[in-house]
Amino acid sequence: MSHYLITGGAGFIGSHLAEALVAKGERVRVVDSLVTGKRQNIAHLPSVEFIEGDLADLDVARRAVDGVEYVLHQAAIPSVPRSVEDPVTSNRANIDASLNVLVAARDAGVRRVVYAGSSSAYGNSASLPKVETMPTAPLSPYALQKLVAEQYCQMFTALYGLETVTTRYFNVFGPRQDPSSPYSGVISLFISALCEGRRPTIHGDGGQTRDFTYVKNVVDGVLRACHAEQASGRMINLATGGRISLNELFHSLRDLIGADVTPVYGPERAGDVRDSQADIGLARAVLGYEPIASFDEGLKDTVAWYRASTAAVGRS
Ligand code: UD1
């Protein structure tokens, strides 16, 4: 049994990692400020040790890493538009807190830190798919912050010998992604609108594309990144390698849910990337990663989860 810390473990992706590690019989601690995470997300995992705290406080980071072997650093204030509106708060959560996690992990002798990077680092690359060797071109404070923390990880590996791996996520979706904020991921927003018979908003012409990645794939990739021998010091795309437009996404979800609404088209969002699609060759080579769940399967599971959770709320 190994001991894992999941920062942001009460959030969407973090709670799936906690669930997978508990199922493997590992010892899990979660630290979460509960700014975007929810206790409810890990309520079904009673063996998980929970610390409520803000990692921008170094003492919290030190307490959280004490005695652990692996740190899965997922805590962040996600969302491009939220960072455009309030860059200072997201900087604190995405850069200051990440540096504290690295310092605390270095001092505590942690075996490896796996950091949740973002595809936003690439910006509008000249070509697709996006390969790790491409130059970065962040278009928003969020993208820049994710990139800075990723570079801190690589620097900590080079300077202090702390093993780090950055997994660059591409638009992750799935159960427990919270649709309740205007900053929520687009799939959660579209599903909740369609299930309630509301018209979702498409920002821009809907021709922008994303490599939407079902959370099961990300969990598998991150757990591989903890142990893969050649992974330390690298950043590695975790995605499916495909891409679909927002218009296509809307139609797939409308068919799946059986809703009879049309989208509202609004202005393009500031800081938005036009196209996003990953090359997953490095993940295959270094992690032995292969997507284990398709986009369609992920969409079906996610819709089923939203339906079940709103039915449960309606009953309570
Ligand atoms: C970006 C990152 C992603 C990261 C996420 C964190 C890229 C390519 N991806 O996602 O890796 O995990 O930030 O938040 O940079 N949209 C609508 N209607 C809505 C909401 C969104 O049309 O109601 C559009 C957005 O304008 C965008 C797309 O849907 O074009 C996806 O938006 P969102 O889900 O917020 O994620 P990204 O900003 O792409």
Check: Within the range 134-149, can you find the residues that are within 12 Å of the ligand (Cβ to nearest atom), outside any helix (DSSP H, G or I) and either open to solvent by less than 30 Å² (accessible area, probe 1.4 Å) or more than 15 Å from Asp272 (Cβ to Cβ) (or both)?
Finding: Thr136, Ser140
Check: Tell me, which strands (runs of 3 or more DSSP E) lie completely within the range 151-270 with 3 or more residues that are out of contact with any helix residue (DSSP H, G or I) (no Cβ under 7 Å at 6 or more places or on another chain)?
Finding: 264-266
Note to self: Among the residues of the range 255-265, are any on the phi > 0 side of the Ramachandran plot and more than 13 Å from the ligand (Cβ to nearest atom)?
What the structure shows: yes
Item checked: Of residues in the range 170-185 being within 10 Å of the ligand (Cβ to nearest atom), in contact with a Lys or Arg (Cβ under 8 Å, 6 or more places away or on another chain) and at pLDDT 95 or above, the one nearest to Asn247 (Cα to Cα) -> Asn171
Notebook entry, point to check: Going by the conditions given, is Tyr152 open to solvent by 10 Å² or more (accessible area, probe 1.4 Å) and under 14 Å from the mean Cα position of the chain (by Cα)?
Noted result: no
Next item on the list: Take Ala126 and decide whether it is away from the ligand (no atom under 16 Å from the Cβ) and over 20 Å from Leu238 (Cβ atoms).
Entry: no
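One line per residue, one yes/no per condition, for (1) touching a residue at least 60 places away in the same chain (Cβ under 8 Å); (2) out of contact with any Gly (no Cβ under 6 Å at 6 or more places or on another chain):
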| residue | (1), (2) |
| --- | --- |
| Ala18 | no, no |
| Asn41 | yes, yes |
| Glu49 | no, yes |
| Ala61 | no, yes |
| Gly67 | yes, yes |
| Val88 | no, yes |
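Quick one: is Val22 at pLDDT 95 or above and closer than 22 Å to Glu150 by Cα?
Considered against the rule, which asks whether it is at pLDDT 95 or above and closer than 22 Å to Glu150 by Cα, Val22 comes out as no.
The values are calculated or read from the model by the stated rules, or taken from the named source; none is laboratory data. Note that this is a predicted model, so its numbers are computed, not measured. Neighbour counts run over all protein chains shown; Cβ positions are idealised from the backbone, glycine included. All accessible areas refer to the heavy atoms of the entire protein, side chains included, with ligands and DNA or RNA removed. Shrake-Rupley method; radii C 1.70, N 1.55, O 1.52, S 1.80 Å.
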